[in-house]
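Written out below as structure tokens is the structure these notes cover.
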Amino acid sequence: MSAQANITEIFPSFQGEGPYVGIPQLFIRFGGCHLRCAYCDEPQSLIKQSSCKIFNSIDGSTFDLRSNPFTIPELTSWVEGIYEKFPSHQSVSLTGGEPLLHSSFLREWLPQIHGRFQIYLETSGTQPERLAPILFWMNTIAMDIKLSSVGGESPFWEEQEAFLKIAQDKDLFVKVVCGAETSIEELERACQMVKKVNPKIPFVLQPVTPFGTVTHAPTSDQLEHWQKLCQNYLSRVLIQPQAHKILGIK
């Protein structure tokens with residue numbers, strides 16, 4: 001059987017997180033995730049869906065429905081079709097869910113579009129063994145550190161350190177979602193882990209957008225304090241909210 005993937009959404013938009021805010025991208029949201037973070041704002045992507053929404057506009061107002069799963073030729077065709085409408089979107093964001101759960105599919109698909117699009121991976125970094133086989137085709141990697149004090153998940157320090165070591169020669173940055181209850185101890189542990197691999201890796205503090213059971217974002221005083229703390233370990237520490245949420249786009 002040919003490789004197949006479950007995809008919940010395909011849409012054109014602008015990157016809303018991290019150092020590349022504002023970059024036009026084609027987003028492919030893969031279905032399925034092994035985590036259940038309390039602040040997850042894409043709950044439909046946590047499990048595989050029977051159909052995929054393919055959006056025709058950046059504001060998310062119109063879309064087509066297409067049944068899952070996708071084969072490699074089918075996904076390539078849809079991506080190229082959207083690119084024809086949005087030719088400035090020359091970067092493809094692999095997001096989720098957890099896209100690395102589809103590593104076998106990506107290993108076959110990415111060579112088909114390599115060279116035509118920049119590949120931007122958004123991942124929890126908890127699956128280092130699934131990154132290695134597809135690392136060659138990655139251009140930019142955004143790794144989220146899931147703090148237990150915010151998301152409620154158990155930590156993955158060893159797995160994420162291994163992931164950073166594999167990914168460190170790529171264009172790589174780390175993102176940490178921070179809430180009002182963020183633990184200083186956890187934040188320091190995250191900084192120490194990144195410093196151990198490379199203190200020059202950009203480190204983004206992202207104030208949580210309240211969703212689900214997470215109802216309070218951190219204060220400006222908290223963010224300032226955390227940034228100064230992280231700067232004791234790392235050379236580039238940014239504070240960036242989710243821009244797409246502010247703009248009201250996909």
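Specify which of the listed residues (W157, W137) is closer than 20 Å to W226 by Cβ and of a type in the set (F, W, Y).
After applying the criteria, what remains is W157.
Going residue by residue through segment 116-131, is there one that turns out to be surrounded by 22 or more Cβ atoms within 10 Å (Cβ to Cβ), of a type in the set (G, A, S), within 15 Å of the chain's Cα centre (by Cα) and at negative phi?
Yes, there is a match, as at least one residue in segment 116-131 is surrounded by 22 or more Cβ atoms within 10 Å (Cβ to Cβ), of a type in the set (G, A, S), within 15 Å of the chain's Cα centre (by Cα) and at negative phi.
Name the residues in segment 196-238 that are aliphatic (A, V, I, L, M), under 27 Å from I166 (Cβ atoms) and either outside any helix (DSSP H, G or I) or at pLDDT below 95 (or both), would you?
Of everything in segment 196-238, those that are aliphatic (A, V, I, L, M), under 27 Å from I166 (Cβ atoms) and either outside any helix (DSSP H, G or I) or at pLDDT below 95 (or both) turn out to be I201, V204, L205, L234, V237, L238.
Kindly state which helices (runs of 4 or more DSSP H) lie completely within segment 108-195 and contain at least 1 residues that are within 19 Å of R29 (Cα to Cα) and touching a residue at least 24 places away in the same chain (Cβ under 8 Å).
Helices (runs of 4 or more DSSP H) meeting the threshold: 128-131.
Test of understanding: among I82, I58, which residue is assigned to a loop (DSSP other than H, G, I, E, B), modelled with pLDDT under 95, more than 16 Å from the chain's Cα centre (by Cα) and among the aliphatic types (A, V, I, L, M)? Steps first, answer last, please.
Numbers: I82 fails: assigned to a loop (DSSP other than H, G, I, E, B).
From the options I82, I58, the qualifying one is I58.
Working only within segment 207-236, note down all residues that are surrounded by 19 or more Cβ atoms within 10 Å (Cβ to Cβ) and farther than 13 Å from A180 by Cβ.
Matches in segment 207-236: C230, L234.
Which one is farthest from V174 (Cα to Cα) among residues in segment 239-250 that are β-branched (V, I, T) and outside any helix (DSSP H, G or I)?
For segment 239-250, the residue satisfying everything is I249.
Restricting attention to segment 1-54, which residues are among the basic types (K, R) and in a loop (DSSP other than H, G, I, E, B)? It would help to see each step written out before you state the result.
Our first condition is that a residue be among the basic types (K, R); within segment 1-54, this holds for 29, 36, 48, 53.
Of everything in segment 1-54, those that are among the basic types (K, R) and in a loop (DSSP other than H, G, I, E, B) turn out to be R36, K48.
Enumerate the pairs (first residue in segment 72-97 and closer than 17 Å to N6 by Cβ and hydroxyl-bearing (S, T, Y); second residue anywhere and modelled with pLDDT under 95 and not in a loop (DSSP other than H, G, I, E, B)) with beta-carbon separation below 6 Å, excluding pairs fewer than 6 apart on the same chain, so at least 6 apart or on different chains.
Every condition considered, the pairs that remain are T76/Q112.
The values are calculated or read from the model by the stated rules, or taken from the named source; none is laboratory data. In this text, all values refer to a predicted model and were calculated from it rather than measured experimentally. As a convention, Cβ positions derive from the backbone with ideal geometry for all residues, glycine included, and neighbour counts pool all protein chains shown.
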